[in-house]
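*Asks:* Handing you this structure, nothing more for now.
The values are calculated or read from the model by the stated rules, or taken from the named source; none is laboratory data. Just so you know, these numbers come straight off a predicted model, no measurement behind them. Glycine gets a Cβ as well: all are built from the backbone with ideal geometry, and neighbour counts include every protein chain shown. Heads up: the accessible areas ignore ligands, DNA and RNA and are worked out on the full protein's heavy atoms, side chains in. Shrake-Rupley method; radii C 1.70, N 1.55, O 1.52, S 1.80 Å.
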Amino acid sequence: QVQVMESGGGLVQPGGSLRLSCAASERIGSIDVMGWYRQAPGKERELVATITGGSSTNYAESVKGRFTISREIAKNRVYLQMSSLKPEDTAVYYCKISYRLVGMDYWGKGTLVTVSS
């Protein structure tokens, strides 16, 4: 069973920055896809950003220009740099790793980000 663990959440003021980190217990290959998702209270989980093996990225419209996803293959890690945070960014942020060869997705348990003054 692949373990996925997020870290870096916390309380930040509006306009502030935060960096989330996600680590996988198994090697992340060049064809695998990593993504960040979030779920706000009373809302469905939504895509925030994804990154492919070729470093192609995709962002939700609501975070474009403010968030940056990146990956460090050698350390089996993916990151989410969040800037200009807004109260509506408050949510539990989840990391998902899609291992394409085996067709399996693995989720972390999430890390809470609260944007409030």
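*Asks:* In Å and whole numbers, how far do the C-alpha atoms of region 69-117 stretch along each principal axis, longest first?
*Replies:* The Cα atoms of region 69-117 stretch 44, 20, 13 Å along the principal axes, largest first.
*Asks:* How long is the gain from Gln1 to Thr114 if the chain were fully straight, where each residue apart is worth 0.36 nm and the alpha carbon distance is subtracted?
*Replies:* Roughly 37.7 nm would be gained on extension.
*Asks:* At 1.4 Å probe size, with no ligands or nucleic acids counted, give the accessible surface of Met104 in Å², nearest ten.
*Replies:* Accessible area, nearest 10 Å²: 80 Å².
*Asks:* Rounded to two decimals, what is Rg over Rh for region 48-88 when you use alpha-carbon atoms and the Kirkwood radius?
*Replies:* Working: Rg = 11.0 Å, Rh = 10.9 Å.
So for region 48-88, dividing Rg by the Kirkwood Rh gives 1.01.
*Asks:* If the cut-off is 12 Å between C-alpha atoms, which aspartates and glutamates fall inside it for Lys109, apart from same-chain ones fewer than 8 positions away?
*Replies:* Glu6
*Asks:* Also, I was wondering about something else. On average over all directions, what projected area in square nanometres does region 22-117 have, based on the convex hull of its Cα atoms?
*Replies:* 6.4
*Asks:* Build a GNM of the chain with springs between Cα atoms under 10 Å: which of Tyr94, Tyr106, Tyr37 gets the top mean-square fluctuation?
*Replies:* Checking each option, the largest mean-square fluctuation is seen for Tyr106.
*Asks:* Could you work out, for region 1-60, what percent of all Cα-Cα pairs fall into each 10 Å distance bin, beginning at 0 Å and stopping at the bin that holds the largest distance?
*Replies:* Result returned by the calculation: 17, 44, 33, 6.
*Asks:* Between Ala24, Ala74, Ala60, where does the largest GNM mean-square fluctuation fall for the chain, given springs only between Cα atoms within less than 10 Å?
*Replies:* Comparing Ala24, Ala74, Ala60 in a Gaussian network model of the chain, the most mobile one is Ala74.
*Asks:* Among Gly54, Gly42, Gly65, whose mean-square fluctuation peaks in a Gaussian network model of the chain (Cα, cutoff 10 Å)?
*Replies:* Gly42
*Asks:* Return the loop-located trypsin sites (Lys or Arg not before Pro) in region 1-52 (DSSP other than H, G, I, E, B) with at most 11 other Cβ atoms within 10 Å of their own Cβ; answer none if there are none.
*Replies:* Counting only loop positions with at most 11 other Cβ atoms within 10 Å, the trypsin sites (Lys or Arg not before Pro) in region 1-52 are Arg27, Lys43.
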